[in-house]
Amino acid sequence: DFSLILCGYLLCRFTALNRKVWEPVEGLVYYFLFPVLLFHSIVRTPLDLGAASSLAAAGFALAVLAIALNYSLPWWPGLRHGMDRRLHAASAQVGFRFNSFIALALAERVAGPQGLQMVAVLIGLCVPMFNVGAVWPMYRQNALRDPHAQRKGFATELVRNPLILATAGGLLANLVGLHIPQWLEPTVTRIGGASLALGLMAAGAGMQLGSLAVAKRMGVALLCIKHLAMPVMAWALARLFGLDPAQTAVLLMFSALPTASSCYVLAARMGFNGPYVAGLVTLSTLLGMVSLPFALGVLRGL
C-alpha cells in the first residue's frame, strides 16, 4: 500500500502526470471504483447476523466510541485553543475509518474460513456508520460557510454519497440473498483491485508531507486514537461481550487496520484540505505495520 502511495507521489511531482491528470482520477475512484469495491465486499459473503450478534454488538460499540473520541478532539487540553475546525472536520475520519481491502485480505489468515464472514459483518455494520461519521462534520462546516448548503439537508448529502449508497445497496442485496452473477465476478473483482491501486496512488499524488506541519498535535492525536486507543478499546470490548478466540482476533485486527485510503478522496471532493488528509493516510498505512502486530500479538495474548 505504501509503495502505491509513493508511486502516486513521485509520478505527480516528477513527471507530466501532474494534478490536472489526478483530479479526474479522484472523481473516477470516488464515484465508481470505490463504490463497486464496497458493494462487492459486502455482497460476496452471506451475512449471518444471528451467529455473530456478540461480534456485531462489540463492533457497534467500538464504532461509537471511536467516532465520539475523534469528535471530542477540539475539547482536549492542549488542542482546544487555535484548532482549525475545518481541518479537524476533514481529518477526524482518519481516526476511525479502516482499509476494507486489507481487512478482507487478512481475515482468513487471522480467523480461518469463518474469518471472512465475521469481517463481512463488521464491514456491513461499520461502513455506513463510519461514512456518516466522516461526512457529518464536513457537511456542517460547509453549511456554516454557505447558508444555501444547509437548505439541502444532511439527508440529501448522505443520499448523494456514493460510498453510503454502495454500502446500503450491498447490505440490502446480501440480506435478501442476491449475488453478483458468476460471469460478472471477474470484471467486478478487477474493478475492486483497480479502486485500491488508483485510490492509494491518488492519495500519493495529492500528498504534501509539509502540510502535516499545519496541525502536528492534532495529527498525532488522531493517529494515536486510530492505532493505539482503538485496539485497546477492542480488547476491552472483546472481554466485555465474551467473544470467542476467533471473534476476538477479528475484532482486534479490525481495530488496528490502517485508515481508509478513500479518506483523502472524500475530503478533496468535499472541498477540504486533501493534502493534509493524504499525509495522515500515508502515516496511518505505515503505523498499521506496528498496530496490527501489537493488536494480534500483544493484546491477543493478554
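Atom-type composition of the exposed protein surface of region 165-236 places 73 percent of the accessible area on carbon and sulfur (1.4 angstrom probe).
If I build a Gaussian network model for the chain, linking alpha-carbon pairs within less than 10 angstrom, which residue out of 127, 159, 281 has the largest mean-square fluctuation? Of 127, 159, 281, the Gaussian network model singles out 159 as fluctuating most. Which of the three applies to the chain, rounded, prolate or oblate, going by the alpha-carbon gyration tensor with a ≥ b ≥ c and a/c under 1.5 meaning rounded? Note, shape of the chain comes out rounded. With all protein chains in place and ligands, DNA and RNA left out, the 1.4 Å accessible area ranks 14, 2, 98 as 14, 2, 98, largest first.
Per-residue surface analysis assigns residue 233 an accessible area of about 40 Å², computed on protein heavy atoms at 1.4 Å probe radius. Farthest towards the positive end of the charge dipole of the chain, among the residues 177, 9, 234, is the Cα of 9, using unit charges on the Cβ of Lys, Arg, Asp and Glu. Ordering 207, 166, 248 by Cα displacement along the dipole of region 117-250 toward the positive end leaves 207 in first place; charges were set at the Cβ atoms of Lys, Arg (+1) and Asp, Glu (-1).
Counting only protein heavy atoms and a probe of 1.4 Å, the accessible surface of region 1-156 is 65% carbon and sulfur.
Its Cα centre serving as origin, the chain has a Cβ charge dipole (Lys and Arg +1, Asp and Glu -1) of approximately 800 debye.
Dipole check for region 1-149: with +1 at the C-beta of Lys and Arg, -1 at the C-beta of Asp and Glu, and the Cα centre as origin, the magnitude is about 400 Debye. Across the chain, C-alpha contacts under 8 Å between residues 6 or more apart give a mean separation that, scaled by the residue count, equals a relative contact order of 34 percent.
Taking all protein chains as they are arranged and a probe of 1.4 Å, the heavy atoms of residue 80 leave approximately 120 Å² accessible to solvent. Converting phi to 3J(HN,Hα) with the Karplus coefficients 6.51, -1.76 and 1.60 and the offset θ = phi - 60°, region 209-221 yields 4, x, 5, 5, 5, 4, 8, 5, 5, 5, x, 4, 5 Hz in sequence order, with x at every glycine or proline. Judged by the gyration tensor of its Cα atoms, with axes a ≥ b ≥ c, region 165-235 is oblate; a/c meets the 1.5 cut and b/c is at least as large as a/b. Accessible-area rank, largest first, for 276, 9: 9, 276, with all protein chains present and a 1.4 angstrom probe. Using the rule -39500 (n - 2.57) for each DSSP H run of four or more residues, divided by the residues of the chain, the 222 nm mean residue ellipticity is -22000 deg cm²/dmol.
Under the shape rule built on the C-alpha gyration tensor, where the axes satisfy a ≥ b ≥ c, region 1-52 is prolate, since a/c reaches at least 1.5 and a/b is greater than b/c. Measuring with a 1.4 angstrom probe and ignoring ligands and nucleic acids, residue 302 comes out at about 120 Å² accessible.
Solvent exposure of region 169-290 amounts to 39 Å² per residue of accessible area, where only protein heavy atoms count and the probe is 1.4 Å.
The values are calculated or read from the model by the stated rules, or taken from the named source; none is laboratory data. All values reported here derive from a predicted model rather than from experimental measurement. For neighbour counting, all protein chains shown are included, and Cβ atoms are generated from backbone atoms with ideal geometry for every residue, glycine included. Quick note on the areas: whole protein, heavy atoms, side chains included, nothing else; ligands and nucleic acids left out. Shrake-Rupley method; radii C 1.70, N 1.55, O 1.52, S 1.80 Å.
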